[in-house]
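The values are calculated or read from the model by the stated rules, or taken from the named source; none is laboratory data. The structure presented is a predicted model; accordingly, all values stated were derived computationally and were not measured. In this analysis, Cβ positions are derived from the backbone assuming ideal geometry, glycine residues included, and neighbour counts consider all displayed protein chains. All accessible areas refer to the heavy atoms of the entire protein, side chains included, with ligands and DNA or RNA removed. Shrake-Rupley method; radii C 1.70, N 1.55, O 1.52, S 1.80 Å.
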Amino acid sequence: MDQVLKEGIQRAAAREPFARQLGITLEHLDLGHSIVTMKYTPETMDNIYCKAHGGALFALIDEAFETAAQTHGTIAVALNVNITYVSTTQAGDVLRAEAKEIVTTRKTATYDIKITNQTGKLIATCQALAYNTGKPVP
């Protein structure tokens, strides 16, 4: 992947307000591939049952999806995101979302995204579909 594009996506991810609020960090970026991490903190990420809020997990998945989908150099936006939550997290877990591009066409791309914790336990899986706008990434 183009180094200038890669550095631009990394800078944009580092300054993104929502991701910063949740402590999401971009750890790896390559063509069609991204890894992001986030420490699960119950004080700010719990739901009404004192478990990880689905929105917090979705945010981590979406960050991996968003960064991986831009690596072709054109702005890509989400068309569909389907998440299956398979297990809960514990306070202090470091969650890792990895997005891998499965299929890409001129206008769409499909991604497989998984969240695991620091021991490799599967927390959530996701199938996501991106639409390529054809507009260059700024």
Report task. Could you grab me the full set of residues in segment 113-122 that are in contact with a strand residue (DSSP E or B) (Cβ under 8 Å, 6 or more places away or on another chain), surrounded by fewer than 16 Cβ atoms within 10 Å (Cβ to Cβ) and of a type in the set (S, T, Y)? Result -> none
Query raised in the report: Name the pairs whose Cβ atoms lie under 8 Å apart, with the first residue in segment 28-42 and in contact (Cβ under 8 Å) with a residue 60 or more places away in the chain and open to solvent by less than 10 Å² (accessible area, probe 1.4 Å), the second part of a strand (DSSP E or B) and of a type in the set (K, R), and 6 or more positions between them or separate chains?
Result: G32/K100; V36/R96
Query - Where N47 falls short, out of the listed (1) touching a strand residue (DSSP E or B) at 6+ places or on another chain (Cβ under 7 Å); (2) under 19 Å from I115 (Cβ atoms) - result: (1)
Report summary line: Considering segment 123-138, residues that are touching a Ser or Thr at 6+ places or on another chain (Cβ under 6 Å) and over 25 Å from G8 (Cα atoms), and then whichever is least open to solvent (accessible area, probe 1.4 Å), we arrive at I123
Query raised in the report: Restricting attention to segment 79-95, does a residue exist that is touching a His at 6+ places or on another chain (Cβ under 8 Å) and either touching a residue at least 40 places away in the same chain (Cβ under 8 Å) or open to solvent by less than 30 Å² (accessible area, probe 1.4 Å) (or both)?
Result: no
Query raised in the report: Do the conditions hold for T110, that is, is it surrounded by 14 or more Cβ atoms within 10 Å (Cβ to Cβ), of a type in the set (S, T, N, Q) and under 15 Å from the mean Cα position of the chain (by Cα)?
Result: yes
Report summary line: For segment 100-122, pairs from a residue that is within 10 Å of G32 (Cβ to Cβ) and free of Cβ contacts under 8 Å to residues at least 12 places away in the same chain to a residue that is among the aromatic types (F, W, Y) and surrounded by 14 or more Cβ atoms within 10 Å (Cβ to Cβ), with Cβ under 8 Å and 6 or more apart or across chains, are I102/Y111
